Structures are given as structure tokens and as C-alpha cells.
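Okay, structure first, notes after.
The values are calculated or read from the model by the stated rules, or taken from the named source; none is laboratory data. Everything numeric in this text was worked out from a predicted model, so none of it was measured. As a convention, Cβ positions derive from the backbone with ideal geometry for all residues, glycine included, and neighbour counts pool all protein chains shown.
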């Protein structure tokens, strides 16, 4: 009986050491630095390039001041250009 009690005591001490190690190892101070670079431009406009999800297998791509609307056909795995218009026309 005494041997099993000493074994349990060693296991308990080991678990306490592991918990202390994880507590201080995982909770150490990590410093995160976030920098933004707008190249000194104070009048930077909003970024307008990217993809826009639309309905019925359609999506739009804003690029160089134009909105290009594409249709994706699942059967053929093809993309077809449906319409292209200037962003100035949409306003």
C-alpha cells in the first residue's frame, strides 16, 4: 500500500511542475507591433480593387476603375464576362 501512495505523490508533484511550467511558459509577454505605411500620403483614397460576390453564380471584379461582372458555369467550370462598366457610371 505504501508503494502506491508514494507513486501517486510523485505523479502529483510532476503534474504540479508541469502546470507551473505551462502557466509561466504560455503566459509570457508577447509584444505585437502593428505598423501602417501610407507612404506619407494624407489623402489616400479607399481601396476599390477586389472581388464582389453577387447572386446566381455571378461575381464582380473591381479593377482599374471598372467593374467587370462575370458568370461562373458550374457544369463546364468556365467563367464568362457578362458586363463591364466604369465606376463613374455607377454613381
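Things worth noting here:
- Subset of the stretch 45-77 (residues that are exposed (fewer than 10 other Cβ atoms within 10 Å of the Cβ) and either at pLDDT 85 or above or touching a helix residue (DSSP H, G or I) at 6+ places or on another chain (Cβ under 9 Å) (or both)): 55, 56, 74, 75, 76, 77
- Restricting attention to the stretch 24-44, the residues that are in a helix (DSSP H, G or I) and either surrounded by 10 or more Cβ atoms within 10 Å (Cβ to Cβ) or modelled with pLDDT under 60 (or both) add up to 0.
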